[in-house]
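In what follows, a single structure is set out as structure tokens and then discussed.
The values are calculated or read from the model by the stated rules, or taken from the named source; none is laboratory data. Computed from a predicted model, the values in this text were never measured in an experiment. We place every Cβ from the backbone using ideal geometry, glycine too, and count neighbours over all the protein chains shown.
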Amino acid sequence: MKKTTLLYEGKAKKVYLTEDEGLVIQEFKDDATAFNNKKKGSIAEKGVVNNAISCKLFTLLEEHGIPTHLVEKLSDRDMLCRYLEIIKVEVVVRNIAAGSLVKRYGFSEGTVLTEPIVEFYLKDDDLDDPLMNDAHAVALGVATREELAVLKSRAEAINLVLKAFFAERKLKLVDFKLEFGRNNGTILLGDEISPDTCRFWDLDTNEKLDKDRFRFDLGGVEDAYSEVQRRVLGA
């Protein structure tokens, strides 16, 4: 399968059409952004690492009955995917208080939540991806109430699978972002699952092993991503 026309270029990936109109190729870049694109940089080999991790985790989720856009890993940076009409709702699942949850509500960072929190954000860079509820999403026409219910239940199911998987690898899944899309009437998980879209803390030390190291200039960014890859792939 070969790339044809560039369909879309985002902060971390390029998406290309292929000769099959039902399939696209998602190419992972080394570009790094934070704070809604206000901070920009590059993380060496990030694209290679995130592609490998995402392919592994999408395969894991498929094995647990959760449909994704993954068809196969094509190369170090390229993933063959089913074409999706992206739903403009970013779904965030939180297990431990960190990031904006601490800023908005005054939780102490590291507080283990009594139950996971699922949040919806409008996928719109120009508006800084604002937090929204079901009524906002319906009024904006980005999703129906039925679709939102699917997104929430699917996110909760994904959380159960991933929390157990990462715990076995001595990682805390603090929180993570998911994106979904429509494919011939079916909702599939899309985008990626990686240190770009998840917060991972070491189970024993709480060392941050994700993009927060880039966001807050903590150093050791490449090493953190590589460590997550090592644990995920079992290398």
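If we scan the range 190-204, do we find a residue that is at pLDDT 95 or above, hydroxyl-bearing (Ser, Thr, Tyr) and farther than 23 Å from residue 114 by Cα?
yes
Go through the residues of the range 189-203 one by one and say whether even a single one is within 21 Å of residue 66 (Cβ to Cβ), of a type in the set (Val, Ile, Thr) and free of Cβ contacts under 8 Å to residues at least 24 places away in the same chain.
Yes: one or more hits.
Given the conditions (1) in contact with a Ser or Thr (Cβ under 6 Å, 6 or more places away or on another chain); (2) closer than 22 Å to residue 111 by Cα, which single one is not true for residue 212?
Result: residue 212 fails condition (1) only.
Where the second residue is buried (at least 16 other Cβ atoms within 10 Å of the Cβ) and not aromatic (Phe, Trp, Tyr) and the first is over 18 Å from residue 47 (Cα atoms) and not assigned by TED's automatic domain parsing to the domain that holds residue 29 and lies in the range 60-79, which pairs have Cβ atoms under 6 Å and are six or more apart or on separate chains?
Here the result reads none, with nothing in the range 60-79 linked to a residue that is buried (at least 16 other Cβ atoms within 10 Å of the Cβ) and not aromatic (Phe, Trp, Tyr).
Considering only residues that are more than 17 Å from residue 181 (Cα to Cα), without any contact (Cβ under 8 Å) to a residue 24 or more places away in the chain and either assigned to a loop (DSSP other than H, G, I, E, B) or not assigned by TED's automatic domain parsing to the domain that holds residue 188 (or both), which ones fall in the range 127-162?
Matches in the range 127-162: 130, 133.
Can you tell me which condition residue 119 does not meet? The list is (1) surrounded by 17 or more Cβ atoms within 10 Å (Cβ to Cβ); (2) in contact (Cβ under 8 Å) with a residue 40 or more places away in the chain; (3) in the same structural domain as residue 168 (by TED's automatic domain parsing), and all the others hold.
(2)
In the range 191-219, what residues are surrounded by 14 or more Cβ atoms within 10 Å (Cβ to Cβ) and part of a loop (DSSP other than H, G, I, E, B)?
Scanning the range 191-219 gives 191, 192, 193, 194, 195, 196, 197, 203, 207, 209, 210, 211.
Which residues, taken from the range 24-44, are buried (at least 17 other Cβ atoms within 10 Å of the Cβ) and more than 16 Å from the chain's Cα centre (by Cα)?
Result: 24, 25, 43.
For the range 1-11, give me each residue that is modelled with pLDDT of 95 or more and assigned to a loop (DSSP other than H, G, I, E, B).
3, 4, 5
Quick check on this structure: which one of 145, 77, 82, 169 is within 21 Å of residue 200 (Cα to Cα) and not aliphatic (A, V, I, L, M)?
169
Which count do you get for residues in the range 85-112 that are closer than 15 Å to residue 156 by Cβ and either touching a Pro at 6+ places or on another chain (Cβ under 6 Å) or loosely packed, with under 14 Cβ neighbours inside 10 Å (or both)?
2
Without any contact (Cβ under 8 Å) to a residue 60 or more places away in the chain, over 18 Å from residue 155 (Cα atoms) and in a loop (DSSP other than H, G, I, E, B): does that describe residue 33?
Against the criterion (without any contact (Cβ under 8 Å) to a residue 60 or more places away in the chain, over 18 Å from residue 155 (Cα atoms) and in a loop (DSSP other than H, G, I, E, B)), residue 33 does not qualify.
Tell me yes or no: at least one residue of the range 129-142 is farther than 23 Å from residue 61 by Cβ, surrounded by fewer than 18 Cβ atoms within 10 Å (Cβ to Cβ) and under 15 Å from the mean Cα position of the chain (by Cα).
Yes: the range 129-142 contains one or more residues that are farther than 23 Å from residue 61 by Cβ, surrounded by fewer than 18 Cβ atoms within 10 Å (Cβ to Cβ) and under 15 Å from the mean Cα position of the chain (by Cα).
Read through the list (1) under 24 Å from residue 16 (Cα atoms); (2) at pLDDT 95 or above, then give the number of the only condition that residue 125 fails.
All conditions pass for residue 125, except number (2).
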